[in-house]
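The values are calculated or read from the model by the stated rules, or taken from the named source; none is laboratory data. Everything numeric here is computed off the predicted structure, so don't read it as measured data. Here the Cβ positions follow ideal geometry from the backbone for every residue, glycine too, while neighbour counts run over all protein chains shown. Accessible surface is based on the protein model in full, side chains and every heavy atom, while ligands, DNA and RNA are left aside. Shrake-Rupley method; radii C 1.70, N 1.55, O 1.52, S 1.80 Å.
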Amino acid sequence: MEAGAAVSVIKDGDTVLVGGFGMAGMPVELIDALIGHGAGDLTIVSNNAGNGDTGLAALLAAGRVRKVVCSFPRQADSWVFDRLYRAGRIELEVVPQGNLAERLRAAGAGIGAFFTPTGAGTPLADGKESRVIDGREYILEYPIRGDVALIRAHVADRLGNLVYRKTARNFGPVMATAAAVTIAQVARIVEAGELDPEVIVTPAIYVDRLVPVEVPA
Amino acid sequence: MSLSRREMAEIVARDIPDGSYVNLGIGQPTMVADHLRPDSGVTLHTENGMLGMGRPATGGEIDPDLTNAGKQPVTELPGASYFHHADSFAMMRGGHLDICIMGAFQVSATGDLANWSTGAPDAIPAVGGAMDLAIGAKQVFVMMSLFAKDGQPKLVPECTYPLTGRGCVSRVYTDVATFAVGSDGVRIVETFGITVDELISRIGVPLVSSPFP
């Protein structure tokens, strides 16, 4: 499927999960297509809040994002987010990285909420329910669901089974499970049966649309 | 003489038991990797999803799909494995990592850690994996200068900066002394270019000077 057609499912006000850790695993071409598509007032869930001027940073710069949910917005090259945040033009919810991953996982796995020790005794637990279990304090955290997930994998088969490459895997597999519609950009699409079933990381049940994007050799 | 950053990294590396699974935080802790013996059997975890991380990648080795938690290109060692973020942090939270090493703004006498925010009103909050590491690793080592630029000690009775985790730090490696933090208080393990008396006079934390058993 062509990227523009794939992302046309995204509506104003949607929550969009965006894979990637920095640029590793960032679905840049899908984000570019989303910018072209024009949906706005979006909530973006991603580890970072954009690097440099491309990918997520370009979506932010285009004024399409109302709120960012992420673990680490502030980086040496996050000038687009920094400017919007300081101007009061974007909301931020900071979530510890492991809680971000687990809240996405919970959404995909049908878990209503979970208790985690991460953040206990810190300002990020303020206002949240807590419980002492076996002498240790845990904080109640709720799932994060997406309307759409945009992820980048390495190779897909025509059914949507995915394999990833090295640390570009990062949030892809959990985000794929946590959204109503998952769109994966991949370097290559092969026939069903060509991927070894033993090495498939994301089973096709989680993947709705595939967008082939050639990567320079 | 107080220690250079390289010497601090050397001392931390010396205290990592052979065969440990270790996470090195962004910045100064990364330097510890340079001082691990190749035969130590220490496996490095990077929270973006890898065990068996090798040295930084250079030249033709650089692969944008293979980075560390600081988003720097790295290499993989034989026996490396990749996993997604929920697995990577479950590994941490589940208590499977032996040691994590982080920097800090402040550490308290009871091992509270503050290293993610100075609480300044114009600062953009960013926490990354620090809170997960703080509560997840079996042991948390901190590497920092003992005194801030204004001379204030960073080992304090109670943290004034927002906490990253409570009671989680077990060792504090600084340029002038190494401390062990335990239920019985803070012990001086070793000093570098400073007397115990001077340390005690400059830090508002009760210190036990007996060597750590």
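Here are the numbers:
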read-out: Residue match in segment B:191-210 (condition: aliphatic (A, V, I, L, M), closer than 20 Å to B:Ile101 by Cα and either open to solvent by 10 Å² or more (accessible area, probe 1.4 Å) or outside any loop (DSSP other than H, G, I, E, B) (or both)); value: no
read-out: Residues within segment A:13-34 that are more than 14 Å from chain B (Cβ to nearest Cβ) and in a loop (DSSP other than H, G, I, E, B), tallied; value: 2
read-out: Those residues of segment A:76-98 which are more than 7 Å from chain B (Cβ to nearest Cβ) and either open to solvent by 30 Å² or more (accessible area, probe 1.4 Å) or under 30 Å from A:Pro203 (Cα atoms) (or both), in sequence order; value: A:Ala76, A:Asp77, A:Trp79, A:Arg83, A:Arg86, A:Ala87, A:Gly88, A:Arg89, A:Glu91, A:Leu92, A:Glu93, A:Val95
read-out: Segment B:118-133, residues that are closer than 18 Å to A:Asn99 by Cα, within 8 Å of chain A (Cβ to nearest Cβ) and not acidic (Asp, Glu); value: B:Pro125, B:Ala126, B:Val127, B:Gly128, B:Gly129, B:Ala130, B:Met131
read-out: Leading residue by the ranking (most open to solvent (accessible area, probe 1.4 Å)) among those in segment B:32-65 that are more than 14 Å from chain A (Cβ to nearest Cβ) and over 20 Å from the mean Cα position of the chain (by Cα); value: B:Pro38
read-out: Residues that are surrounded by fewer than 21 Cβ atoms within 10 Å (Cβ to Cβ) and not charged (D, E, K, R), drawn from segment B:160-185; value: B:Thr160, B:Tyr161, B:Pro162, B:Gly167, B:Ser170, B:Val176, B:Ala180, B:Gly182, B:Ser183, B:Gly185
read-out: Segment B:182-198 residues that are under 16 Å from B:Glu158 (Cα atoms), paired with ones that are in a loop (DSSP other than H, G, I, E, B) (beta carbon under 8 Å, 6 or more apart); value: B:Gly185/B:Ala109; B:Gly185/B:Pro206; B:Val186/B:Ala109; B:Val186/B:Val205; B:Val186/B:Pro206
read-out: Options A:Ile144, A:Ile111, A:Ile139; residue that is in contact (Cβ under 8 Å) with a residue 24 or more places away in the chain, over 28 Å from A:Leu59 (Cβ atoms) and surrounded by 15 or more Cβ atoms within 10 Å (Cβ to Cβ); value: A:Ile139
